[in-house]
1. Taking the highest mean first, how do the peptides 311-318, 398-405 order by number of other beta carbon atoms within 10 angstrom per residue?
2. Express in % the proportion of alpha carbon pairs of the stretch 411-451 at distances exceeding 10 Å.
3. Two-decimal Rg/Rh of the stretch 125-181 from alpha-carbon positions, Kirkwood Rh?
4. Just order 59-70, 230-241 by mean Cβ neighbour count inside 10 Å, highest at the front, would you?
5. Given all pairs of different Cα atoms, what value in angstroms does the Kirkwood hydrodynamic radius of the stretch 220-372 take?
6. Per 5 Å bin from zero, what fraction in whole % of the C-alpha pairs of the stretch 3-226 is there, up to the bin with the longest pair?
7. Once you have the Kirkwood Rh of the stretch 1-72 from its Cα pairs, apply Stokes-Einstein at 25 °C and 0.890 mPa s and quote D in µm²/s.
8. Starting from a Cα-only point model with no solvent, please compute log10 I(q)/I(0) by Debye for the stretch 245-325 at q = 0.16, 0.17, 0.19, 0.24 1/Å.
């Protein structure tokens, strides 16, 4: 078998653009590098040193020698895998590998990364997703062209996806290629290795050597249907249901899903739209049935309920669900004194300013006047905070609800405190000032201006 027989270059960039080839040193990636080189493409070999086994240094040396043999540039990176709690070592290594390869591609000016995924890898992916109860997207497996995880601007090419491992090995042996074997592939405690070492051989025994290719072909047909029919319809339904978040004093990336629009969808489409919304909002959450069910339950709950994810949250609002990305801390050093004299204190989109005043100004939503006796402190409101009224007091919590402040920003809402009492909830309510106090002559006027 020749390189032209093995490699599908029809969907790769032209010869003038460099491509970063992910080469581990194993048979598949070494064969891929040779095929791309023989096809006359400009390539850079990228190797990621995981540091997980003793032979890792030898793997790196082999790929370095391969780059020298092919006369192309070589890039390498070493990972420091700390085994983050709640994350498998394989998942952490995969994420770190893609991040490192993306950096190499940027440095090489490459528009994409090429990997050696093949039909047997595709069959393994489909079988694993089938056992997990995946829908059309999961059963469609990998695509010949997709994007690098976390880098939607960077293409991920898999030109060997229609070829089997046996075909790749035949090419490698015919051309006397040198590669390394990864002993961890024999560890059947890993699910993918167990599928490869136990399940696929049984399928090949029952259905013949073409079973992997047949599964990969079914995945391609389903993926084509997904891309041409299901995905466009899902995009259309999501677009109808989403609207921008209401502007508030906080800077929040995200959008709102309207309950009325979601209620009109069949359950299967509603689940799909909810999961796609998570992806569009950039929230790191499993795209599985459990997540869809949790989002559906949130939609049936009362305003104020929410689900937390590693980099954001989903809140039940009156109109539907708000998907918001996490923001930087508004007051990283805690409460801040704004009186006397600190100018331009930022709190989200609010800029607090103070200036001396010789008489009392009636409060407005954006400003308030307080006696120049004690320093004022700006902080987040907390449970139990109250504002003085002409008769009695009102809970800050109730005032925020009455003002229809969106649930996803309430916990961060600021208050101004003086002398241990809340004197102002910006854009909501100022505390009541007795008439005899208004006759004082030394005041400070506080303003909170939206940018």
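Read-outs: derived from the displayed coordinates by stated rules, not from any lab. Note that the structure is predicted; figures quoted are calculated from it, not measured. Using ideal geometry, Cβ is built from the backbone for each residue, glycine included, and neighbour counts are taken over all protein chains shown.
1. Working: 311-318: 19.5, 398-405: 14.9.
In descending order of packing, they fall as 311-318, 398-405.
2. Of all Cα-Cα distances in the stretch 411-451, 79 percent exceed 10 Å.
3. Working: Rg = 15.2 Å, Rh = 13.9 Å.
Rg/Rh for the stretch 125-181 comes to 1.09.
4. Working: 59-70: 18.0, 230-241: 15.7.
Put in order of decreasing packing, that is 59-70, 230-241.
5. Numbers: mean 1/r = 0.0543 Å⁻¹.
After inverting the pairwise mean of 1/r, the radius is 18.4 Å.
6. 1, 7, 13, 18, 21, 19, 13, 6, 1, 0
7. Details: Rh = 12.8 Å.
The diffusion coefficient I find is 192 µm²/s.
8. -0.53, -0.60, -0.76, -1.25
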